[in-house]
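The next block holds one structure in the form of structure tokens; read it before the comments.
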Amino acid sequence: MKVGIMSFAHMHAYSYASSLEQLSDVELTAIYDTLDERGREAAARYNCAFFNDMEKFLAKDMEAVIICSENAKHCEMVVAAAKAGKHILCEKPIAVSVEEAEEMIAVCEQHDVMLQTAFPVRFSEPIQQLKRYVDSGAIGEILSFRTTNRGQNPGGWFIDPALSGGGAVFDHTVHMVDIMRWLSGQEVKEVIAEVDTFFHEGDIDDAGLLTLTFDGGIIASHDASWSRTPTYPIWGDVTIEVIGTKGTVAVDVFKEYVRVYNRDGERPVENAFFGIDMDFGLVEDFIKSIREKRPPSITGYDGLKAMEVGIAAYKSSKLGRIVKI
């Protein structure tokens with residue numbers, strides 16, 4: 001199967017490209033990027049063709065594309081790829097507005113192509129085990145969640161609202177909302193949030209605390225931030241605690257590590273992760289879905305519903321009240 005990557009603006013593009021290289025009978029055949037230097041460097045690294053013309057790129061013989069552009073460019077690229085008949089794996093957040101996400105979903109349905117949202121956390125082994133544990137009924141009915149996603153400020157286009165659509169709350173809320181929806185089968189109906197900037201210069205948010213109410217009665221808290229320093233032992237965390245009628249279970253996605261103490265380097269202490277590569281799991285699942293002609297495990301609608309919560313959080317913080325979805 002031939003696959004292309006549209007933009008290396010998002011750092012996940014590199015892990016997705018490496019994942020494609022590990023899959024049998026899969027070829028990364030071409031890269032498209034709006035920045036020549038970045039695109040040419042990636043094409044040289046992965047030994048494939050480079051295009052700075054999207055139409056010529058999409059005319060290539062390939063079945064699917066992975067989109068890793070700036071968030072604000074997702075819609076344009078998804079629509080173009082769908083019209084060219086390519087199956088699509090799109091980086092999260094899926095779009096910067098509900099209207100864009102709805103357009104993307106509709107165009108993909110119209111042209112009978114798959115649209116999968118890139119939520120790799122679902123493919124973390126601890127989260128997979130948590131899903132099986134919850135589904136087994138071991139903790140009973142879910143009453144509440146407590147989640148965190150606290151990382152480092154990525155800089156660049158991530159801190160430009162015109163390209164990112166938002167800061168830490170937008171970037172780090174969608175992952176855990178997706179996991180909570182996946183575990184519970186419920187939708188968020190109300191959001192109240194405090195969003196602010198504490199750790200960096202500039203106006204874009206780098207911290208937020210969200211309280212969510214689901215349509216089945218579950219309540220949840222979420223701590224999203226770019227609060228980790230460059231010398232922190234790992235880029236950040238992804239944690240979830242699930243409280244049920246029969247018990248409680250807590251998961252730290254990046255707990256599988258060896259602690260390394262360096263004499264030199266940027267991090268004097270480093271957590272060297274040795275667990276299963278969730279990015280590989282995501283890409284492998286995408287390829288399998290195409291080959292088996294089955295619906296994606298994480299749909300465009302999943303991406304829309306997670307993104308919707310981030311947008312509601314900003315509105316809630318601005319208005320100082322609960323926002324209903």
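The values are calculated or read from the model by the stated rules, or taken from the named source; none is laboratory data. Being a predicted model, the structure only gives us computed values, none of them experimental. Please note: Cβ atoms are built from the backbone with ideal geometry, for glycine as well, and neighbour counts cover all protein chains shown. Just so you know, the surface numbers come from the protein's heavy atoms only, side chains and all, with ligands and any DNA or RNA stripped out. Shrake-Rupley method; radii C 1.70, N 1.55, O 1.52, S 1.80 Å.
Values as computed for the structure displayed
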| quantity | calculated |
| --- | --- |
| Residue within the range 8-24 that is among the hydrophobic types (A, V, I, L, M, F, W, C), under 20 Å from the mean Cα position of the chain (by Cα), within 29 Å of F170 (Cβ to Cβ) and open to solvent by 20 Å² or more (accessible area, probe 1.4 Å) present | yes |
| Residue satisfying condition, being among the hydroxyl-bearing types (S, T, Y) and in contact (Cβ under 8 Å) with a residue 60 or more places away in the chain, within set T211, T229 | T229 |
| Residue identified as β-branched (V, I, T), closer than 18 Å to F8 by Cα and in contact with a Phe, Trp or Tyr (Cβ under 8 Å, 6 or more places away or on another chain) among I94, I66, I88 | I66 |
| Residue among R267, R259 that is touching a strand residue (DSSP E or B) at 6+ places or on another chain (Cβ under 8 Å) and either surrounded by fewer than 12 Cβ atoms within 10 Å (Cβ to Cβ) or not in a strand (DSSP E or B) (or both) | R259 |
| Residue match in the range 50-65 (condition: under 18 Å from the mean Cα position of the chain (by Cα) and crowded, with 24+ Cβ neighbours inside 10 Å) | yes |
| Some residue of the range 134-150 being in a helix (DSSP H, G or I) and open to solvent by 30 Å² or more (accessible area, probe 1.4 Å) | yes |
| Qualifying positions in the range 90-122 - open to solvent by 40 Å² or more (accessible area, probe 1.4 Å), part of a helix (DSSP H, G or I) and not charged (D, E, K, R) | A106, Q110 |
| Check on V253, in contact (Cβ under 8 Å) with a residue 40 or more places away in the chain and either surrounded by 12 or more Cβ atoms within 10 Å (Cβ to Cβ) or within 27 Å of Y314 (Cα to Cα) (or both) | yes |
| So I234, is it aliphatic (A, V, I, L, M) and either touching a residue at least 60 places away in the same chain (Cβ under 8 Å) or surrounded by 18 or more Cβ atoms within 10 Å (Cβ to Cβ) (or both) | no |
| Test: residue in the range 79-89 that is assigned to a helix (DSSP H, G or I), free of Cβ contacts under 8 Å to residues at least 12 places away in the same chain and open to solvent by 40 Å² or more (accessible area, probe 1.4 Å) | no |
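Condition check ((1) out of contact with any Leu (no Cβ under 9 Å at 6 or more places or on another chain); (2) small (G, A, S); (3) open to solvent by 30 Å² or more (accessible area, probe 1.4 Å)) across all residues:
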position: N153; (1), (2), (3): yes, no, yes
position: L163; (1), (2), (3): yes, no, yes
position: V177; (1), (2), (3): no, no, no
position: M180; (1), (2), (3): no, no, no
position: L183; (1), (2), (3): no, no, no
position: K189; (1), (2), (3): no, no, yes
position: A207; (1), (2), (3): yes, yes, no
